[in-house]
């Protein structure tokens, strides 16, 4: 067996192991947003993923690309040790449960924020650009939910869906500050979290939330991203394709909903 064949066999075995952590192959395909037939080809060794797809697989399972080609025994040892280090302690879960209770108590005061928003942050590693995501704030079961969809690419990227990230979170109110805590969707193997703190600003029909964002990266090194963040309300109802079409990296001079250049939004953030 050649070194190349051995490397490919290692990839197949390691991918089978990762998919076995899901409830089914079909579930793995849905979570990865990859066609089930294509996943089966990877698992059978009859096809190899492109560099773009390999990166997507690794980001989802929180492994490095080169690790996928390690011997299965070594790979499982590394993955298990890393996964153990990410388990959430009972104390943290208890604190989060208390936050949920606090959210229920303040749901009436947060109800005025329900709607759709564009979310703006300086783009990471993209000079003179900003990230525009879409956010849905709604109430369900006494809680105020905060769902966000973003694309880690330019707005006009041809293969935009490969760069999509979806987050689910809750919104809390403490005194005059609004807190959001988010976790990445379909990502039980990869604890990707973010915390934002906002204050409310209204002028006529204009509603904006200004604040600070703190996010933990989705790689095992857990890099921290800190930035200013602005939410601008754009309407009510569900997130539409037309909303998503405007998401991605934009230039600093691009205008937002109320006619301001996007970089002017951040002049109000301390």
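Data table
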{"read-out": "Residues of the range 143-176 satisfying the condition of being loosely packed, with under 14 Cβ neighbours inside 10 Å and touching a helix residue (DSSP H, G or I) at 6+ places or on another chain (Cβ under 8 Å)", "value": "159, 174"}
{"read-out": "Candidates 53, 46 - the one that is surrounded by 11 or more Cβ atoms within 10 Å (Cβ to Cβ) and in the same structural domain as residue 72 (by TED's automatic domain parsing)", "value": "53"}
{"read-out": "Exclusive hit being farther than 27 Å from residue 58 by Cβ, at pLDDT 80 or above and surrounded by 19 or more Cβ atoms within 10 Å (Cβ to Cβ), set 235, 211", "value": "211"}
{"read-out": "Count - residues of the range 120-142 that are buried (at least 18 other Cβ atoms within 10 Å of the Cβ), farther than 17 Å from residue 256 by Cα and in contact (Cβ under 8 Å) with a residue 40 or more places away in the chain", "value": "1"}
{"read-out": "Contacts under 6 angstrom Cβ, first residue in the range 20-34 being touching a residue at least 40 places away in the same chain (Cβ under 8 Å), partner surrounded by fewer than 18 Cβ atoms within 10 Å (Cβ to Cβ) and not in a helix (DSSP H, G or I), 6 or more apart", "value": "31/186"}
{"read-out": "Qualifying residue in the range 27-38 (condition: at pLDDT 90 or above, in a loop (DSSP other than H, G, I, E, B) and more than 24 Å from the chain's Cα centre (by Cα))", "value": "no"}
{"read-out": "Boolean, residue 168 is at pLDDT 85 or above, within 17 Å of the chain's Cα centre (by Cα) and not in a helix (DSSP H, G or I)", "value": "yes"}
{"read-out": "Contacts under 9 angstrom Cβ, first residue in the range 49-61 being farther than 21 Å from residue 20 by Cβ, partner part of a helix (DSSP H, G or I), 6 or more apart", "value": "51/65; 52/162; 55/65; 55/162"}
{"read-out": "Residue in the range 65-87 that is assigned to a loop (DSSP other than H, G, I, E, B), modelled with pLDDT under 90 and within 30 Å of residue 174 (Cα to Cα) present", "value": "yes"}
{"read-out": "Only listed residue being within 27 Å of residue 254 (Cβ to Cβ) and modelled with pLDDT of 90 or more, chosen from 124, 135", "value": "135"}
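The values are calculated or read from the model by the stated rules, or taken from the named source; none is laboratory data. Please read these numbers as outputs of a predicted model, since none were measured by experiment. Neighbour counts are summed over all protein chains in view; Cβ atoms, including those assigned to glycine, are modelled from backbone coordinates with ideal geometry.
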